[in-house]
Amino acid sequence: MAIRTVHCLILALLGVVIVHVTVLFLLPLYSERDAWSRLSALGAPLQTVAIERPSGGVAIRDNDPLFRSAACRFDLAAGPVHIMASDGAPFWSVSVYNRWGQNIYSFNDRITISRDIDLLLASPAQMIALRQDLPPAYEQSILVEVEDPLGIAVVRGFRPDDSYAAIIDRFLGSLRCTPQ
Amino acid sequence: MLKTAAMALGVLTFAIAGGGASVWYALGQMTGPAALRTGVWTAYPELGSAEADPYSKAAIARDAVLPLGPAEGLAFYADRDSTGIRLSGRCTYRLEGTVPLARLWTLHVRSADASRHASPGLHSMAIIHRDDNGVEITAAPTPMPGNWLRTGNLREMTLVLTLYDTPVAGRASRARISLPEVTRLGCRGQGPSAPPADRQDGMM
């Protein structure tokens, strides 16, 4: 009887370990609370959405309250996606995330001469085609190769105080994600 | 027969409940092996990268976090003072020291569960710097002279110091970074300061 109890105990602990590892690895795949899912609820793909909601809530956790940000979800299956915004914030930065919220590529306003955001996202296959024959419109663009077709582009702008509200609104409002 | 079935059911229930609960607990801890610790401050430079450990990956999926990229910046979190006591928005703290090289940094107070901000916070372009380029900030629920960071009476608070466009966010130059010390000066309802040593400091 005692041996049987010990067997059960070992089995239970082994079960805990198996469930722990399984849940850990499946959680990102099935999470309905991740950034992608929350942004899906706010807008269609390629539609620019503000991450700080007018109601005061924030779609993404852990945002800096001195920053305002906007995002668009993209899908490269239909072709490259062009991301543009005109300069405005005293400091801005851009990040490209994959569907799982992992940061693939990031840059800030020091990288560009014009200080405008001009980014072309393409899959590895699309990138080969682009490199062979780059349309003149994209000569100034930053080309970013993205492995996963699904992803999120986020633009963050520094808003030192309320006097910058209009400037930052215009900056984030100028963000466009367009399929090519 | 019935006993065997009951035992099997028990083992299964325990495994599922224990496994689920342990993942939940582990994700709440947020201290992976890749955490970068300096004094009371902790940063997670690998968070959100493809090399992140499975716990970080699960945590960002659960909490809808989009971590800053290396070219954007790096956030440092402190939830305890230099003596190891949990930070409270009802207490007064002095932050003193230097901040690593960055084009811009911001400092804000949020509730422990990240659901609430006490105020927009301070940033490097709008505070008084010391002559040696260090900073002295007083975090308190009521206005203070000098650089005042509002703590908003949060029961438990976390200080978030975010460096933007900083070499610290890259892999190099992480070895010798120094961040401000967080010293408790006193708490509300306990007089101007709790320990006698701090009272002397406060008077001077």
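The values are calculated or read from the model by the stated rules, or taken from the named source; none is laboratory data. None of these values were measured; they are calculated from a predicted model. Note that we place each Cβ from the backbone using ideal geometry, even for glycine, and neighbour counts take in every protein chain shown. Side chains included, ligands, DNA and RNA excluded: accessible areas come from the protein's heavy atoms. Shrake-Rupley method; radii C 1.70, N 1.55, O 1.52, S 1.80 Å.
So here's what we get for this one:
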item: Chain B: angle of helix B:2-29 to the longest principal axis, Cα-based, in degrees nearest 10; result: 20
item: Region B:2-76: GluC sites (Glu not before Pro) in DSSP coil with no more than 10 other Cβ atoms inside 10 Å; result: B:Glu51
item: Test item: Cα-centred dipole of the protein assembly as shown, Lys/Arg +1 and Asp/Glu -1 on Cβ, debye; result: 1160
item: At R0 = 25 Å, FRET efficiency that the Cβ-Cβ distance of A:Leu42 and A:Val21 yields, to 0.05; result: 0.15
item: Rounded Å value of the spacing that divides the Cα centres of region B:93-133 and region A:2-81; result: 29
item: Point-to-point label distance, A:Asp161-B:Leu2, nm (Cα→Cβ direction, 7 Å offset); result: 7.7
item: Electrostatic dipole magnitude of region A:56-100 [Cβ: Lys, Arg +1; Asp, Glu -1; Cα centre; debye, to 20]; result: 140
item: Heavy-atom accessible surface of region B:109-171: percent carbon and sulfur, 1.4 Å; result: 49
item: Rounded, prolate or oblate (a/c below 1.5 giving rounded, otherwise prolate when a/b exceeds b/c) for chain B by Cα gyration tensor; result: oblate
item: Net charge contributed by nearby residues that have their C-beta within less than 9 Å of A:Asp34 (K/R +1, D/E -1); result: +2
item: Dipole axis of the protein assembly as shown (+1 Lys, Arg; -1 Asp, Glu on Cβ), positive-most option in A:Gln132, A:Gln47, B:Thr106; result: B:Thr106
item: For B:Gly69, residues with placed amide H under 5 Å, excluding near neighbours; result: none
item: Heavy-atom accessible surface that A and B bury in contact, both chains counted, 1.4 Å, Å² to 100; result: 4300
item: Ellipsoid semi-axes in whole angstrom, largest first, where each is sqrt(5λ) of the Cα gyration tensor of the protein assembly as shown; result: 37, 35, 17
item: Span-like helix ranges in chain A, DSSP H, alpha carbon extent 18 angstrom or more, Kyte mean at least 1.0; result: A:2-30
item: Spacing of the two label points (7 Å from each Cα toward its C-beta) at B:Asp113 and A:Ala2, in nm; result: 4.6
item: Residue with peak Gaussian network fluctuation, chain B [Cα springs, cutoff 10 Å], from B:Ile16, B:Ile137, B:Ile177; result: B:Ile16
item: GNM top mover of A:Ala129, A:Ala89, A:Ala77 - chain A, alpha-carbon springs below 10 Å; result: A:Ala129
item: Hull volume in cubic angstrom per residue (convex hull over the Cα atoms of region A:129-180); result: 121
item: Exposed-site-free run, longest, chain B (rule: trypsin sites (Lys or Arg not before Pro); DSSP loop; at most 15 other C-beta within 10 Å); result: B:1-115
item: Within chain A, longest stretch free of exposed trypsin sites (Lys or Arg not before Pro) [DSSP loop, at most 14 other beta carbons within 10 Å]; result: A:34-109
